[in-house]
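Below is one structure, written out as structure tokens; comments come after it.
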Amino acid sequence: MNEFKPGLEGVVAFETQIAEPDREGGALRYRGVDIEELVGTFHYEQVWGLLVDESFDPGLPEPEAYDPKHLSGDAPADLQAETAHLSGEWSLRKLVDVTPEEARDDLARLSAQMMSIVAQSARVADGHGDPVSDDVVAEGETAADKFLLRWRGEADPDDAKAIDTYWICTAEHGLNASTFTARVVASTGADCGAAMSAAVGALSGPLHGGAPARVLPMLDEVARTGDPESYVQDKLARHERIMGFGHRVYRAEDPRARLLRRTAKELGSSRFEVAEELERVALAALREYKPDRPLETNVEFWSAVVLDVAEIPHELTPAMFACARVAGWSAHILEEKRTGRLIRPSARYVGPGARPASSVGGTLVPS
Ligand code: COA
């Protein structure tokens with residue numbers, strides 16, 4: 001009962017009806033629907049609806065007019081700060097004080113606005129001081145089109161398809177670190193802006209949301225040397241991780257990697273061949289390196305290649321991931337509101353035994 005599991009691996013903390021990563025079979029289903037069936041048929045904004053409302057309609061709304069004041073161009077930091085700020089700006093009420101329907105509406109407003117904030121932050125990073133007018137943005141049909149229009153003032157159809165596919169594939173994935181964070185904050189009864197901004201912070205680390213940013217430099221290096229074998233062997237000899245491989249849940253191929261690999265090929269990615277070669281070499285080397293632990297390609301490896309088709313700068317990839325995850329976070333915050341109780345695990349104390357303060361280093365200040 002009280003066995004310590006580092007990293008909580010395998011510990012069941014919740015029951016959920018939202019997504020089912022099928023660990024052995026390498027499939028991912030949102031509310032029972034395989035993502036293979038979603039990509040190419042539905043757009044991200046409808047998938048948001050599937051995850052949050054269990055219905056494709058009405059889906060993710062348009063963002064309302066809002067002018068973020070303090071964008072630095074560092075998208076994850078902007079997103080985290082601005083999302084927290086929206087709690088005050090919109091006077092969002094605490095989750096304990098609202099109905100599930102009101103919480104759902106707060107989450108819809110926040111989700112739409114968060115995607116808009118990322119697009120605007122990316123525009124600042126590109127050196128544009130002026131926002132794109134709402135009329136131009138309204139010309140886009142899908143959330144991905146509108147994201148690109150708000151960022152660049154134009155939306156190439158292939159770029160939009162790359163982003164839409166990436167967002168659908170990464171919209172939700174069970175109890176990862178950022179979703180757990182969102183649920184922990186929601187379980188305290190805090191408002192939805194607090195829960196969403198905390199999730200953004202958790203997602204910004206390279207072991208969770210930031211890996212694609214580290215995949216492209218790796219592909220560049222391999223393209224430059226033309227020698228994936230040495231690259232991989234050198235990394236493993238230094239006990240470094242090869243970004244884009246390994247997963248806490250899947251022991252088979254990550255189904256999202258499969259879909260994104262296909263999309264990268266369809267969209268004619270110029271990095272496809274290098275990526276495929278590095279993948280082949282890395283998988284073979286990892287099998288030898290850790291024969292007892294399957295380390296397969298994960299979502300972030302092929303995400304990097306697909307996002308590169310849309311010329312997403314690698315610094316922006318954690319925020320692109322956050323745009324996708326607003327769906328999963330919203331669904332989990334709502335589920336937590338409906339079914340959860342305050343999350344409060346325990347820690348086993350392994351520090352020093354009882355001792356006098358005088359045994360601690362440092363100056364004692366006389367009282
Ligand atoms: N490259 C090389 N070695 C790896 C590896 C990788 N990508 N992923 C795991 N390993 C090794 C670890 O070094 C560890 O070896 P050790 O027991 O000798 O220390 C062993 O495999 C188990 O790793 P562990 O960190 O316990 O697995 P995890 O389930 O906690 O890790 C990840 C999951 C995703 C954090 C991990 O695989 C990783 O860091 N991958 C690279 C980053 C990445 O792609 N992140 C995106 C995830 S979607």
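The values are calculated or read from the model by the stated rules, or taken from the named source; none is laboratory data. Every value quoted in this text rests on a predicted model; they were computed, and no experiment measured them. Methodologically, a virtual Cβ is constructed for each residue, glycine included, from the backbone with ideal geometry; neighbour enumeration extends over all protein chains shown. To get the accessible areas, we keep the full protein, side chains included, count just its heavy atoms, and leave off ligands, DNA and RNA. Shrake-Rupley method; radii C 1.70, N 1.55, O 1.52, S 1.80 Å.
What the table below lists for this structure:
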{"item": "Residue ID - modelled with the highest pLDDT, chosen from residues in region 208-254 that are touching a strand residue (DSSP E or B) at 6+ places or on another chain (Cβ under 9 Å) and of a type in the set (A, V, I, L, M, F, W, C)", "result": "PHE245"}
{"item": "Neighbours by Cβ (under 8 Å, 6+ apart or cross-chain): first from region 5-19, at negative phi and open to solvent by 90 Å² or more (accessible area, probe 1.4 Å); second away from the ligand (no atom under 16 Å from the Cβ) and part of a loop (DSSP other than H, G, I, E, B)", "result": "GLN17/ARG31"}
{"item": "Whichever residue in region 220-237 is of a type in the set (A, V, I, L, M, F, W, C) and closer than 21 Å to VAL309 by Cβ and, among such residues, is farthest from the ligand (Cβ to nearest atom)", "result": "ALA223"}
{"item": "Out of ALA347, ALA304, sole residue that is more than 18 Å from ALA199 (Cβ to Cβ), at pLDDT below 95 and part of a helix (DSSP H, G or I)", "result": "ALA304"}
{"item": "LEU60 vs. criteria in contact with an Asp or Glu (Cβ under 6 Å, 6 or more places away or on another chain), under 21 Å from ALA160 (Cα atoms) and open to solvent by 10 Å² or more (accessible area, probe 1.4 Å)", "result": "yes"}
{"item": "Hey, GLU279 buried (at least 19 other Cβ atoms within 10 Å of the Cβ), of a type in the set (D, E, K, R) and either away from the ligand (no atom under 16 Å from the Cβ) or over 22 Å from ASP34 (Cα atoms) (or both) or not", "result": "yes"}
{"item": "Check on ILE168, in contact with a strand residue (DSSP E or B) (Cβ under 7 Å, 6 or more places away or on another chain) and open to solvent by less than 10 Å² (accessible area, probe 1.4 Å)", "result": "yes"}
{"item": "Condition check for ILE343: touching a residue at least 60 places away in the same chain (Cβ under 8 Å), open to solvent by 10 Å² or more (accessible area, probe 1.4 Å) and under 17 Å from ASN176 (Cα atoms)", "result": "yes"}
{"item": "Qualifying residue in region 238-259 (condition: more than 28 Å from PRO21 (Cα to Cα), among the acidic types (Asp, Glu) and either within 13 Å of the ligand (Cβ to nearest atom) or part of a helix (DSSP H, G or I) (or both))", "result": "no"}
{"item": "Enumeration of residues in region 119-149 that are in a helix (DSSP H, G or I), open to solvent by 30 Å² or more (accessible area, probe 1.4 Å) and of a type in the set (A, V, I, L, M, F, W, C)", "result": "VAL124, ALA125, VAL136"}
{"item": "Among residues of region 20-35, those that are open to solvent by 70 Å² or more (accessible area, probe 1.4 Å) and more than 16 Å from the ligand (Cβ to nearest atom), counted", "result": "1"}
{"item": "Boolean, ARG262 is out of contact with any Leu (no Cβ under 7 Å at 6 or more places or on another chain), closer than 25 Å to ALA324 by Cα, open to solvent by 50 Å² or more (accessible area, probe 1.4 Å) and within 13 Å of the ligand (Cβ to nearest atom)", "result": "no"}
{"item": "Qualifying positions in region 195-219 - more than 14 Å from the ligand (Cβ to nearest atom) and in contact with a Lys or Arg (Cβ under 9 Å, 6 or more places away or on another chain)", "result": "ALA195, ALA199, VAL200"}
{"item": "Index of the failed condition, ARG293 passing every other in (1) within 16 Å of the ligand (Cβ to nearest atom); (2) basic (Lys, Arg); (3) assigned to a helix (DSSP H, G or I)", "result": "(3)"}
{"item": "Contacts under 7 angstrom Cβ, first residue in region 301-327 being open to solvent by 10 Å² or more (accessible area, probe 1.4 Å), partner basic (Lys, Arg), 6 or more apart", "result": "ASP308/ARG271"}
{"item": "Pick from region 109-118, criterion touching a Phe, Trp or Tyr at 6+ places or on another chain (Cβ under 8 Å) and of a type outside the set (Ser, Thr, Tyr), ranking: most open to solvent (accessible area, probe 1.4 Å)", "result": "ARG109"}
{"item": "Among (1) under 30 Å from ALA108 (Cα atoms); (2) part of a loop (DSSP other than H, G, I, E, B); (3) open to solvent by 50 Å² or more (accessible area, probe 1.4 Å) - the single one GLY189 does not satisfy", "result": "(3)"}
